[in-house]
Amino acid sequence: MPQYFSPEGLEKLKKELEERKTIIRAEITRRILAAKELGDLSENAEYSEAKEVQSFNEGRIAELEETIKEAVVIGPNQRSDIVVVGSTARVSSVYGDQKFTIVGPAESDPARGFISNESPLGSAFIGHKKDDEVEVKTPSGVVKYKIVEII
């Protein structure tokens, strides 16, 4: 299933992948070789720990490669008449005026106003226009949001 990323978010993943394949892999290899020199591998904690770190790193590399392969890059919203992934919407509710940018789940950061297109709030805004009122079910009850502007 595709995941949505800003160009910056995708670049960040690519940099992490490159670092894990080059720098981190090389360091893990050095740790394994140093641990092997300590002798009996069956009772060698350093060796066991290095192999565990290696396994985690290789798993993360595979995960990053798959994510990057399936990534859909979102740019600034070309259409400002409806909310789509990549849109920034200024909304009004009982909580006052707020600004939300709809992003993929991997880039969501609600504290900074980046909400996932898969979250209840993000999915509620998708497809709506300026002046639409959207009801969102929250833990404290249903909250009405009015879309004031789509940026």
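The values are calculated or read from the model by the stated rules, or taken from the named source; none is laboratory data. Predicted, not measured: the structure shown is a model, and the values here were computed from it. So basically every Cβ, Gly included, is an ideal-geometry build from the backbone, and we count neighbours across all protein chains shown.
So the values come out like this:
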quantity	calculated
Residue in segment 13-34 that is touching a strand residue (DSSP E or B) at 6+ places or on another chain (Cβ under 8 Å), part of a helix (DSSP H, G or I) and hydrophobic (A, V, I, L, M, F, W, C) present	yes
Test: residue in segment 12-27 that is closer than 30 Å to Lys144 by Cα and at pLDDT 90 or above	no
Filter result (touching an Asp or Glu at 6+ places or on another chain (Cβ under 7 Å) and among the basic types (Lys, Arg)) within segment 107-137	Lys129, Lys130
Checking Gln98 against (1) in contact (Cβ under 8 Å) with a residue 24 or more places away in the chain; (2) assigned to a strand (DSSP E or B); (3) surrounded by fewer than 19 Cβ atoms within 10 Å (Cβ to Cβ); (4) over 13 Å from the mean Cα position of the chain (by Cα), the condition it does not meet	(1)
One residue from Glu65, Glu58 being surrounded by 13 or more Cβ atoms within 10 Å (Cβ to Cβ), modelled with pLDDT of 90 or more and more than 25 Å from Ser6 (Cβ to Cβ)	Glu58
Segment 114-151: number of residues that are of a type outside the set (Ser, Thr, Tyr) and not in a loop (DSSP other than H, G, I, E, B)	22
Every residue from segment 1-38 that is touching a residue at least 40 places away in the same chain (Cβ under 8 Å) and closer than 12 Å to Asn57 by Cα	Glu16, Leu17, Arg20, Lys21
Single match in Ala106, Ala89, Ala111 (criterion: assigned to a helix (DSSP H, G or I), closer than 22 Å to Ser140 by Cβ and of a type outside the set (S, T, N, Q))	Ala111
Segment 105-151, subset of a type in the set (Gly, Ala, Ser) and under 17 Å from Ile82 (Cα atoms), residue farthest from the chain's Cα centre (by Cα)	Gly127
